[in-house]
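A short write-up of the structure that comes next.
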Amino acid sequence: MSGTDESTNLKRAEELKTAANEAFKANKFSQAIELYSEAIELNGSNAVYWANRAFAHTKLEEYGSAINDATKAIEVDPRYSKGYYRRGVAHLAMGKFKEALKDFQQLKRLCPNDPDASRKLKECEKAVQKIKFEEAISVQDSERRSVADTIDYKCIEVDAQYTGARIEGDAVTLDFVKHMMEDFKKQKCIHKRYAYQIVLQARELLKAMPSLVDVAVPDGHHFTICGDVHGQYYDLLNIFELNGLPSEENPYLFNGDFVDRGSFSVEVILTLFAFKCLYPNAMYLARGNHESRGMNKIYGFEGEVRSKLSDIFVELFAEVFCYLPLAHVINGKVFVVHGGLFSTDGVKLDEIRSIDRFCEPPEEGLMCEILWSDPQPQPGRGPSKRGVGLSFGGDVTKRFLEDNSLSLVVRSHEVKDEGYEIDHDGKLITVFSAPNYCDQ
């Protein structure tokens, strides 16, 4: 390449970076990634381009891709502090505190006076110390007593001054649920007695369900599938306003990620659990990757529960989330799952039925892939942009459907600007139900 060509490429790469920065500022992160990628093709030896693309991947929760790009930035320039910062943040978002600690230690060495570097380092040190402490005092799952067995909500007195929604007796009623929803709308709290009653009764219903639930929808009837709600209570109310409250004639499936990120995760989960108690055969709930202890620590649900309810509820929700089914099949034809498909061909529905789901999600295997995987446009399989699970193409979807005599996969797990997206020649639909996600 001549010097003139190289100079032209470098100039064009800078123009692309500037355009990518503008797209980023406008929250158009996918467009920013495309533009940074073009800049990298013209000049791959600029660490800034790699680190900026890593930042855009982080905004889309593509933490695996962010770690790869930040690592490349560090390889290009080992003294480029933002490379370590971006990689540390991505590791932190995935709960990989020990890896994040190494990055922030190096960042602190490069930028000893940077207050943000000091803050992140302290955050990581604290998290790693907490993990070590928890490991030291942990007991085997087989020895751990269910927190639900320690709670008797009937012994909790409700004082006369309490003016909120009340459950009279043992059954959750529609009047109670409507009253509770109005209280939540006004940002009022529910009494802990009733919160316990809802969660414990939902626990019994969920515990009795299989890991894969078969749902029958009679001819001429409808069935609504909702994607991620992520703690956005007013968006949940909007769904019910547009589509009607759940009932035997108006059944719903909420397809995971009820909590985290939004400010009203407690209100969302108590409302969904209350409808589960009210209509066990018309409110179906599936586990998402955010219905897990690790995610709840990082993305806000645990702190919100401590603030609005109590520490015991943190343990109770963690336990009940392990009882959520992993997948649903509607009328033997539509496979509904939070994340996606599998790293191997030939997985049959009976294998999913037999998954022992009563645990925190593992880092590999069928349960992990159900919760974390994403579709990709190209055929075959590829590494996950999230760093967990995998990406799978239309050929993988087609074979899975054929192997199980199914016609469609419906999944959630990804932000979609239109609320849904159809892929893989119409054989896969992504549905996302949090329109005000992360205030965007």
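Out of the residues in region 341-369 that are under 14 Å from G256 (Cβ atoms) and in contact with a helix residue (DSSP H, G or I) (Cβ under 7 Å, 6 or more places away or on another chain), which is surrounded by the fewest Cβ atoms within 10 Å (Cβ to Cβ)?
Per the criteria, the residue is R357.
Being touching a helix residue (DSSP H, G or I) at 6+ places or on another chain (Cβ under 9 Å) and surrounded by fewer than 18 Cβ atoms within 10 Å (Cβ to Cβ) narrows it down to one residue among L121, L110; which is it?
Sole residue among the options that is touching a helix residue (DSSP H, G or I) at 6+ places or on another chain (Cβ under 9 Å) and surrounded by fewer than 18 Cβ atoms within 10 Å (Cβ to Cβ): L110.
Does region 240-254 hold any residues that are of a type in the set (A, V, I, L, M, F, W, C) and at pLDDT 95 or above, and which are they?
F240, L245, L253, F254
For the list (1) among the small types (G, A, S); (2) open to solvent by less than 10 Å² (accessible area, probe 1.4 Å); (3) modelled with pLDDT under 95, I need the number of the one condition that A274 fails.
Here A274 clears every test but (3).
Filter region 15-40 for residues that are among the aliphatic types (A, V, I, L, M) and surrounded by fewer than 20 Cβ atoms within 10 Å (Cβ to Cβ); which is farthest from K416 (Cα to Cα)?
Checking each candidate, the answer is A19.
Does G164 fit the bill of being touching an Asp or Glu at 6+ places or on another chain (Cβ under 8 Å), assigned to a loop (DSSP other than H, G, I, E, B) and closer than 30 Å to F240 by Cα?
When the stated conditions are applied, G164 passes them.
Quick check on region 111-164: of everything there that is under 30 Å from the mean Cα position of the chain (by Cα) and among the acidic types (D, E), which residue is modelled with the lowest pLDDT?
My answer is D141.
Only residues in region 306-333 that are at negative phi and basic (K, R) count as the first member; pair them with residues that are open to solvent by less than 10 Å² (accessible area, probe 1.4 Å) and assigned to a helix (DSSP H, G or I), Cβ under 7 angstrom, at least 6 apart or cross-chain, and list the lot.
Pairs found: K308/V266.
Among the residues of region 305-340, which ones are farther than 26 Å from V215 by Cα and crowded, with 23+ Cβ neighbours inside 10 Å?
If the condition is that a residue be farther than 26 Å from V215 by Cα and crowded, with 23+ Cβ neighbours inside 10 Å, then V305, L316 are the ones that fit.
For the list (1) touching a His at 6+ places or on another chain (Cβ under 9 Å); (2) surrounded by fewer than 14 Cβ atoms within 10 Å (Cβ to Cβ); (3) not acidic (D, E), I need the number of the one condition that G227 fails.
Status for G227: all satisfied but (2).
Give region 41-60 a look and list any residue that's open to solvent by less than 30 Å² (accessible area, probe 1.4 Å) and touching a residue at least 40 places away in the same chain (Cβ under 8 Å), or say none.
H57
Going through region 68-97 one residue at a time, which ones are aliphatic (A, V, I, L, M), closer than 21 Å to K297 by Cα and open to solvent by 30 Å² or more (accessible area, probe 1.4 Å)?
V89, M94
For region 185-215, name all the residues that are among the hydrophobic types (A, V, I, L, M, F, W, C), open to solvent by less than 10 Å² (accessible area, probe 1.4 Å) and out of contact with any strand residue (DSSP E or B) (no Cβ under 8 Å at 6 or more places or on another chain).
Correct list: A195, I198, V199, A202.
The values are calculated or read from the model by the stated rules, or taken from the named source; none is laboratory data. Keep in mind that this is a model prediction, so the values were computed, not measured. Because the Cβ atoms are built from the backbone with ideal geometry, glycine has one as well, and the counts that use them run over all protein chains shown. Side chains are part of the model used for accessible areas, which takes the heavy atoms of the whole protein and leaves out ligands, DNA and RNA. Shrake-Rupley method; radii C 1.70, N 1.55, O 1.52, S 1.80 Å.
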